[in-house]
Each structure stands twice: as structure tokens, then as C-alpha cells.
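Engineer: What follows is a structure written as C-alpha cells; I'll ask about it next.
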Protein chains: 2
Amino acid sequence: MEIVNSGRYDRSVETQRIDPVNCSVARALAVVGERWSLLIVREALDGARRFGEFRARLGIASNLLAARLDTLVAAGVMRRVPYQEPGDRQRFEYHLAEQGHDLRPTLVALLEWGDKYLADPEGPSVIVRHRPADDDTACEEPVRVVLECAAGHTRLPPEALYRAPGPGARFLGPAEA
Amino acid sequence: MEIVNSGRYDRSVETQRIDPVNCSVARALAVVGERWSLLIVREALDGARRFGEFRARLGIASNLLAARLDTLVAAGVMRRVPYQEPGDRQRFEYHLAEQGHDLRPTLVALLEWGDKYLADPEGPSVIVRHRPADDDTACEEPVRVVLECAAGHTRLPPEALYRAPGPGARFLGPAEA
DNA sequence: CTCCTAGGTTTATTTCTTCAACTCAGCAGC
DNA sequence: GCTGCTGAGTTGAAGAAATAAACCTAGGAG
């Protein structure tokens, strides 16, 4: 029953535990909802790649960091990439895979929420800005996350949404509302 | 060697634990990063209000549900509201506060990510749609989360962002990037 | 030959989850 | 007025996970 890939426990994508509803939010949380996972991804998005870098930035215990990196690699969020400093042996660093980059909106949303309700009295410690690409204007403006529907209505307020069943819907509970 | 800042981070809620960096993401996760919190908020956004409703939908143990609801109420994400069914004693139900509604973008982002990478073979089980308001067109189109900068550039890809220090920035680690 | 360093393991202790059983207050039926 | 039922929780034991700290390992430097 153990799906162990390289270390002790795994239960990453096959959790069976925290997936009481057939919902992608639950499945996403099964992968990145563990205690340090999103913070690791955040640091990776900010450029961290090496074990010690994550460790120093986050203050996480090394065994937990190792376990979380294993989970994230197994889930395809990060890749384990060998490198070799001149005059040193081969080691590994951890790069974000596409899946990891795609967590950016989630993290921006969380950051925004935290800034709004839990900010430091001095203000936010981090601002996400628009990095100008080659042909783009050099805007550097702060970035926010907005909800937009396929018809083009944008900046929808949270109340303007509702959940509708999709093709994979499965109603297992008694009270469906 | 441990960089963990000794005792300066009690000001927010009761975190104490997962706030190694002065960052709103970490603080947000201290509030809603516990194992069931976001799922509870999701159900609340979908209309759940009563203890038993959350319990039936999520399959969570009742003591944990009670504990999480307490945490969410203490953090201001939900409100505990008395109600009384005719011919029954007073009980409490749990309504989302504004803070809770503002988690919607985070949940949509997570849903989108889960749909992209972990979806059911049959497709997503839930689609978030635009609910038409009174004066609005009845669009009902699916909703996505997009990144938009203050200069109006919208649908930014994840790579187009970078983290810049804000007013409350505090650099405690060695490598700042 | 020993020390240093990055990148981890191992181990012991504390804390959190889970599951199951139990409480509590009011109502309904007998 | 006693029994049982229901929704909303508490309590307690057992297992899993988090934490902290010590330990290991492979190569290079002194």
C-alpha cells in the first residue's frame, strides 16, 4: 500500500485522506497544503534553489525540508537538478517545474489576503511587481489578482461567483445544496 | 546557526509557529493553512453554515471541525451566529465574514491549479461561474483568476512577476535576492 | 590526517489528527 | 416522568506528523 518513492512516507497524490469531496481544491491541498509546502514554493519562485537556501530563509527543520522537497518533486511541482560547483562534488538543487510556477496566482492571492488582514503595522513586506519583458513597457507596477469570467467581465467581486457542477461532479454527501 | 527570530511574532493571531519570515503569505497560512481550514471556508462559500453540514460535506472529525471553526472565528474569517429553529433550542451557525469572502480568489486559484494538474479524468467536478447580479448580463460564464498590474497590463504570465521589498520589509536571512 | 561544508538522516520529544465514545439540552412519544 | 432522539459539540486514547538537535557523508582544503 505504501507508494514510497524514495524515502519514508509519501501519501502525496494518493492521499485518500483529505479528499472527502471530488474537488480539485481538496486535491490541490493534498499536494501543496502541507505545512511548509507553499512557503517552499514561494521561496523557489523568489529564486531559492538549494537546500541550505531554503533552510536559511524559512528556518525549517532539515528533515522536514527534505521530506517536503521529496513530496514536491514526486508531485511534479519541483525538479531535482544536479549541479557541481567548481572544485566540489556533485550536489542537487531544486528548481520549480511548470506546475510550481503555476502556483504563483495562488500565492499572490494569499499574499494579498494576508496584506489586507494581517499586515505588519509598517505595511506589507513584499510587493509583487510586473517585471517588464523584452518588448514590454517597463511598468514595475504592483500586481493584483482579479477574477475574470470568460465573457470578459473582470474584477468580479467574490459574491459574483457560484459553484456549478462540472463534468466530473460526483455527489457523495447526503445534503447537496 | 538557527535564524529563527526569537520572540517578535505574536502580534498577529496565535501563530507562533509558522511565521519564520515577515511575510503576509506566511501569516495568511498561519490562519488558513491548517489542514481543513480552506476546505471549511470553501464549503462556507458554497453555502454551508451549520456544524453538521460541514461535517457531512467534508467528513471531518467533529472535534477537529470544532477546533477549526474556533480558529476561524477567532481570526475573524467566520462569525458565530445564533439561530433557533422553531420548537428547538438556540444553536449556532457559522457565517463567513468579509475576510472569509475575500479568500475566494485564493480558492479559485487553487481550484484552477488542481483542475490543470490533478483533475478527475472525467473533468473538473466544480466550475466556478459568474453569477449575474441584478443589473448585470446573465453570463454564467466560467471564472478564472488572472494577474493584473496597476498599469492595466492583464493576464500576466507567472514569470512576468517579481518580488520587491515593501515598506515593512525586514531582511533577516543572509541571501536576499 | 584532520577539519570544514553542503546536504542531508536519525532519534527523541512534543504536538496534531483521527476515531470512537460520551455529554448536554430540549423536544416528542408513551 | 421516563425513554429515546437529534444537533452540537467534548473527552480520551492511539497513531501520525512536526520539531529540535545530534549525527552522518563525501569531497576539498590546510
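Engineer: Averaged per residue, what accessible surface does the range B:34-160 expose to a 1.4 Å probe, in Å²?
Structural biologist: Each residue of the range B:34-160 exposes 47 Å² on average to a 1.4 Å probe.
Engineer: In addition: With θ taken as phi - 60° and the coefficients 6.51, -1.76 and 1.60, list the Karplus ³J(HN,Hα) couplings across the range B:110-120 in order, rounded to whole Hz; mark glycine and proline as x.
Structural biologist: 5, 4, 4, 5, x, 4, 6, 10, 10, 5, 4
Engineer: Is the range A:24-160 best put as rounded, prolate or oblate by its Cα gyration tensor, with a ≥ b ≥ c the root eigenvalues, rounded for a/c under 1.5, and otherwise prolate when a/b is larger than b/c, oblate when not?
Structural biologist: The shape class here is prolate.
Engineer: Right, another one. Between A:E93 and residues 5 or more places away or on another chain, which pairs have amide H atoms under 5 Å apart, with H built 1.01 Å from N, and which residues are they?
Structural biologist: Amide H neighbours of A:E93: A:V81, A:Y83.
Engineer: Give the calculated FRET efficiency between B:H95 and A:Q90 to the nearest 0.05, with a Förster radius of 45 Å applied to their Cβ-Cβ distance.
Structural biologist: It comes to 0.20.
Engineer: While we're looking at this one, here's another question. Return a whole-number percent for the relative contact order of the range A:24-160, with Cα pairs under 8 Å and 6 or more residues apart as the contact set.
Structural biologist: For the range A:24-160, the relative contact order is 16 percent.
Engineer: Averaged over its residues, how many other protein chain Cβ atoms are within 10 Å of peptide A:96-108's Cβ atoms?
Structural biologist: Taking all residues of A:96-108 together, the mean is 6.
Engineer: Still on this structure: Return the long-range amide H neighbours of B:M78 (sequence gap of 5 or more, or a different chain), with a cut-off of under 5 Å between placed amide H atoms.
Structural biologist: Residues meeting the amide H criterion: B:V73, B:A97.
Engineer: Just to confirm the numbers: A:A150, label point 7 angstrom along the Cα-Cβ line, distances to the other copies in nm, shortest first?
Structural biologist: Inter-copy label distances (nm, one decimal, shortest first): 3.4.
The values are calculated or read from the model by the stated rules, or taken from the named source; none is laboratory data. Only a predicted model underlies this, so the values are computations on that prediction, with no experimental measurement involved. Every residue, glycine as well, gets a Cβ built from its backbone with ideal geometry; the counts of neighbours run over all protein chains shown. For accessibility, only protein heavy atoms count, side chains too; no ligands or nucleic acids. Shrake-Rupley method; radii C 1.70, N 1.55, O 1.52, S 1.80 Å.
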